[in-house]
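The values are calculated or read from the model by the stated rules, or taken from the named source; none is laboratory data. From a predicted model like this one, the values you see are computed outputs, not experimental measurements. Here the Cβ is made from the backbone with ideal geometry for all residues, glycine too, and neighbour counts use every protein chain on show. Heavy atoms of the whole protein, side chains included, go into the accessibility calculation; ligands, DNA and RNA do not. Shrake-Rupley method; radii C 1.70, N 1.55, O 1.52, S 1.80 Å.
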Amino acid sequence: GWSTLSNPSYVRKLVNDAGLADCNAAKAPLSKDTLKEIAGEVELEQFLDNQGKTEFQAAMGEFQWLVQTTHPDIAVATSALSKYCSKPTPTCIKAVKQVIRYLSGRVEQGFRYDKGDGTGLVVWSDSDHAGLHAINGELRSRMGIAVMYNGHLIHWVSKLIQGIMTSSCEAELHALSEAVRLAMHFRYIGEELGIPMPTRVPVMVDAAAAIAFANNTLGVGRMKHLDLRSAWVRQVKTCEHVEITKVKGTVNVADYFTKILPVGQFRDDTQALIQPLHVGGHV
């Protein structure tokens, strides 16, 4: 058997309320050029009035709900735009409309869960070291995590790492430690529900330096927060709760949640993770 998870009525109402029911669907929810425009307006202190600010914040709330339920494909866009919730600019409204135009083409998007490919619980980890710094001056790095079960996406994370990561290795290690935490979390939940879980949860990483930290082959560092984080990962690994595996960056599923991708790659990766269900008006 199989089951589905979708929310077409919610998305359709969002599109209709924006007056974009008959629009041409956007190919991606956000572009780097739009973020550059917003950054330029921030530099000139061109901010929206209170009504515009309220409108923008309301849209962010709608997008956040979709990100957490049926539309992880707008996760990076929503997170990047949420940076401006306190002081949105005119182009922020333009960006909101682009997200909605994108959603207009993904109204019936959702997840179909069946017995899958039998791979069980697998967690993917990645990060993007200050990837938006050249676009809008953002100093923080973004982590991306994808939790899969039998080949199905069941949980995802796309968020800025608190604090400034001074190297890509530091960003990758931060993401890895969070991925390990989630691996343990979902393993415990699965065991409580009687769902088959691996003794050692595979955690897939494409950063050799982060794995070296986890294996304690880089020696003791001078930054306590890094030492503690890597020590915790090693402890979990030593207890044989997780199995950290090196994968190629080109096949790392979590990369999808770390950056604004080129339109072609974004389309291909989206199709690999979430498919239109053609479920009509059913929720």
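Entry remark, segment 3-25: residues being farther than 17 Å from MET60 by Cα and buried (at least 19 other Cβ atoms within 10 Å of the Cβ) number 3 in total. Scanning segment 62-82 for residues that are of a type in the set (Ser, Thr, Tyr) and either open to solvent by less than 10 Å² (accessible area, probe 1.4 Å) or touching a residue at least 60 places away in the same chain (Cβ under 8 Å) (or both) yields THR69, THR70, THR78, SER79.
Total residues in segment 109-157 satisfying the condition of being touching a Lys or Arg at 6+ places or on another chain (Cβ under 9 Å) and of a type in the set (Ser, Thr, Tyr): the figure is 1.
Do we find that GLY110 is over 23 Å from LYS159 (Cα atoms) and either open to solvent by 30 Å² or more (accessible area, probe 1.4 Å) or touching a strand residue (DSSP E or B) at 6+ places or on another chain (Cβ under 6 Å) (or both) in this structure? Before you say what the answer is, go through the steps one by one.
Numbers: over 23 Å from LYS159 (Cα atoms): no; either open to solvent by 30 Å² or more (accessible area, probe 1.4 Å) or touching a strand residue (DSSP E or B) at 6+ places or on another chain (Cβ under 6 Å) (or both): yes.
No: the conditions fail for GLY110.
Here is the figure for segment 239-270: residues that are of a type in the set (Val, Ile, Thr) and either touching a Phe, Trp or Tyr at 6+ places or on another chain (Cβ under 7 Å) or in a helix (DSSP H, G or I) (or both) total 5.
Within segment 184-216, the set of residues being in a helix (DSSP H, G or I) and of a type in the set (D, E, K, R) comprises ARG187, GLU191, GLU192. Taking segment 31-51 as the range and being over 27 Å from the mean Cα position of the chain (by Cα) and either within 16 Å of SER82 (Cα to Cα) or outside any loop (DSSP other than H, G, I, E, B) (or both) as the test, the residues that pass are GLU43, PHE47, LEU48, ASN50, GLN51. Residue count for segment 9-30, restricted to those that are within 13 Å of GLN98 (Cβ to Cβ) and part of a helix (DSSP H, G or I): 1.
Scanning segment 26-50 for residues that are over 16 Å from ALA77 (Cα atoms) and acidic (Asp, Glu), which turns out surrounded by the most Cβ atoms within 10 Å (Cβ to Cβ)?
Going through segment 26-50, the residues over 16 Å from ALA77 (Cα atoms) turn out to be 40-50.
Subsequent filtering for residues that are acidic (Asp, Glu) retains 41, 43, 45, 49.
On the way: GLU41: 19, GLU43: 11, GLU45: 8, ASP49: 8.
The extreme case among them is GLU41.
It is to be established whether one or more residues within segment 58-78 are among the acidic types (Asp, Glu), within 25 Å of ILE145 (Cα to Cα) and in contact with a Pro (Cβ under 8 Å, 6 or more places away or on another chain). Talk me through it step by step, then tell me what you get.
Of the residues in segment 58-78, the ones among the acidic types (Asp, Glu) are 62, 73.
Then drop every residue that is not within 25 Å of ILE145 (Cα to Cα), which leaves 62, 73.
Now restrict to residues that are in contact with a Pro (Cβ under 8 Å, 6 or more places away or on another chain): 73.
Among the residues of segment 58-78, at least one is among the acidic types (Asp, Glu), within 25 Å of ILE145 (Cα to Cα) and in contact with a Pro (Cβ under 8 Å, 6 or more places away or on another chain), which makes the answer yes.
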